[in-house]
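Single-structure report; data block below.
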């Protein structure tokens with residue numbers, strides 16, 4: 001998203017807590033990177049400007065702009081790390097030495 005803000009909503013349209021996106025944030029990147037499907041429902045809270053990148057365009061975009069790959073990997077790692085740190089990922093961590 002390059003401008004504006006939007007709120008995450010449930011499929012029925014109810015606003016979800018902690019679900020506001022603003023400039024420099026993105027959504028559905030996990031689905032784009034893993035081949036999954038879109039899971040975010042959102043409602044614009046203001047006028048929103050956001051580019052759309054599909055699976056066909058992403059490889060070309062990352063070849064032309066290598067920094068896009070770095071951003072995607074950083075976002076992917078952060079999205080995976082949060083549930084692990086909150087013990088909500090269903091993974092067992094080895095005990096610390």
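Where a number appears in this text, it was derived from the coordinates with a stated rule and is not lab data. Please read these numbers as outputs of a predicted model, since none were measured by experiment. So basically every Cβ, Gly included, is an ideal-geometry build from the backbone, and we count neighbours across all protein chains shown.
Things worth noting here:
- Estimated FRET transfer efficiency when R0 is 25 angstrom, pair residue 25-residue 60 (beta carbons, to 0.05): 0.60
- Here the spin labels are modelled as points 7 Å beyond Cα on the Cα-Cβ line, and at residue 71 and residue 10 they lie 3.3 nm apart.
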